[in-house]
Amino acid sequence: MTTHRSATRGPASATVVVLAAVLLAACSTSDSAGTTDSASSTETTEEASATDEAESTETATASEAEEPVATDHPEPRLVVGYADRVAVLDAEDLTELAGFEVDSAPYVQPASDGRHVFTLEHQEERIRIIDTGTWTEAHGDHGHSYVVEPSRLDNVIDGVAYHAVSDEEKSVIWNDSTGNIEVIETADFEDGEVTPVILELGDVHHGVAVPFADGYLASFSQDDSAVGIIELDNQGNEIERFEGCPGLHGEAHVGANAYAFGCQDGIMVVDESGARKVASPVEGAGTGTLVGDGESPVLAGNLRSAAEDGPDLSTTIALYDTAAGTARTVDLGVKFSSMNATEGELVVIGVDGNLHLVDLATGEVRTIAVTEPWEVPEEFLDPRPMLTVSGDRAWLTEPMVGKILAVDLTSGETIASIDVEDKPDRIAVVNAGEEEHAH
């Protein structure tokens with residue numbers, strides 16, 4: 001096992017150090033060139049002017065940022081991905097604070113410090129980092145909050161990635177292109193110069209890795225498909241291997257120090273005592289997306305038939321009780337998108353235009369009307385409604401009509417709404433409490 005610092009691409013004028021690694025794309029999901037060509041061929045003079053204006057207002061890099069300004073409370077911010085840019089918004093009134101160009105629609109996932117956000121630009125095979133410019137430093141029983149202008153770090157990490165999983169101490173990225181793990185310690189974000197430590201596994205596949213105990217958990221593959229989990233020490237040396245999770249995809253933190261992973265026949269739960277399976281509540285079906293609220297032992301997941309001629313489970317939620325080792329189903333009656341969980345409830349967006357909130361303990365469902373009905377796009381990467389949650393608040397994108405909303409999950413009221421010209425897609429929130437994400 002080799003451990004070393006990763007080379008990252010900085011500005012064009014900087015000296016670039018290249019690692020001797022073979023980059024193999026393990027999961028190609030769409031043709032990004034077609035999208036780029038289409039956008040450029042239809043760009044009008046007005047659109048070009050707007051792009052120039054966005055470039056002129058793009059904030060400085062992190063190294064040039066101004067002194068932080070103290071605030072009397074945390075000021076949460078959103079990061080919203082579009083096909084050609086990433087926007088940072090004030091999470092309270094949804095005012096756009098900054099924008100940064102990208103070449104393809106990214107996944108957006110918070111880093112370990114609760115301030116930075118990874119833009120996983122998988123179609124362009126790179127990872128970049130946004131400094132949202134808002135954070136809170138803990139001081140005993142209270143915190144001190146600060147803001148600066150948003151910026152984007154110079155660092156660029158090469159490779160295809162869909163999963164960046166963080167705890168308070170580090171962020172862990174699985175690089176599909178190399179089959180390696182890239183680790184960024186929380187302290188490394190402070191100076192704006194991020195250089196990941198690479199744990200070389202060389203197991204090229206669409207996988208996932210997470211921080212665990214004093215080391216890591218990572219998927220391993222067979223015939224280019226993830227089939228189980230290996231436990232690694234802090235240097236990337238294998239401690240134990242847990243087989244028996246065919247089609248492994250998706251992860252969620254559960255309990256004090258455990259993770260669960262989706263399998264074709266249920267989920268695999270790994271903690272310091274070892275691994276155990278919880279069978280799917282539907283025979284012949286598995287789970288590929290898992291979410292939890294960080295407190296409940298119950299995780300929510302989607303269900304998908306292992307066989308092509310299996311039952312349609314697109315309206316059904318699985319609730320996995322990891323403590324009891326049991327699972328049950330909840331049928332929402334409508335197809336849905338974007339699974340998140342907060343304060344004991346699963347939250348999804350139904351094609352009927354409602355938020356559906358499922359009590360993780362009881363399975364009871366309540367709904368909140370938020371938008372008009374919509375249709376599931378044919379292509380997986382095409383924009384669709386997405387949401388992020390924290391506490392009693394949800395923020396969601398509506399690419400069908402070009403809107404971004406903030407919803408109070410207790411009262412059911414839409415407390416803020418903005419119209420945007422483009423199609424907003426993936427969304428993340430920082431400095432708002434417990435940030436959750438799903439894969």
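Throughout, read-outs are computed from the coordinates displayed, never taken from laboratory work. Because the structure is predicted, anything quoted here is derived from the model rather than measured. Reconstructed Cβ throughout: ideal geometry from the backbone, glycine too, with neighbour counts over all protein chains shown.
Structure above, values below:
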item	result
Kirkwood hydrodynamic radius of the range 123-215, Cα pairs, Å	14.6 Å
Size of the range 232-335 as Cα extents on the principal axes (Å, biggest first)	45, 30, 20
Long-range HN-HN contacts of SER280 with modeled amide H, under 5 Å	GLY266, ILE267
Ordering of 159-165, 417-423 by packing [mean C-beta count within 10 Å, highest first]	159-165, 417-423
Backbone HN-Hα couplings from phi across the range 114-122 [Karplus 6.51/-1.76/1.60, Hz, Gly and Pro as x]	x, 10, 8, 9, 7, 9, 8, 8, 5
Projected-area mean, the range 317-363, by convex hull of Cα positions, square nanometres	3.3 nm²
Spatially proximal lysines relative to LYS335 (Cα-Cα < 29 Å; intrachain offsets below 8 disregarded)	LYS277, LYS403, LYS423
Burial ranking of peptide ranges 113-119, 303-309 (average Cβ count within 10 Å, highest at the top)	113-119, 303-309
Convex hull volume of the range 281-439 per residue (C-alpha atoms, cubic angstrom)	109 Å³
Cα-Cα separations in the range 182-269 greater than 17 Å, expressed as whole percent	50 percent
Euclidean distance of C-alpha centroids, the range 75-89 and the range 165-244, integer Å	26 Å
Amide H contacts of PHE220 (H built 1.01 Å from N, under 5 Å, at least 5 apart or other chain)	VAL227, GLY228, ILE229, ILE230
Over the range 318-394, volume per residue of the alpha carbon convex hull, in Å³	108 Å³
Ascending count of other beta-carbon atoms within 10 Å, so fewest first, for THR326, THR136	THR326, THR136
Radius of gyration and Dmax over the Cα atoms of the range 85-143, both given in Å	13.5, 43
Packing-based exposure ordering (other Cβ within 10 Å, fewest first) of MET400, MET268	MET400, MET268
Ranked TRP135, TRP374, criterion: other C-beta atoms within 10 Å, fewest first	TRP374, TRP135
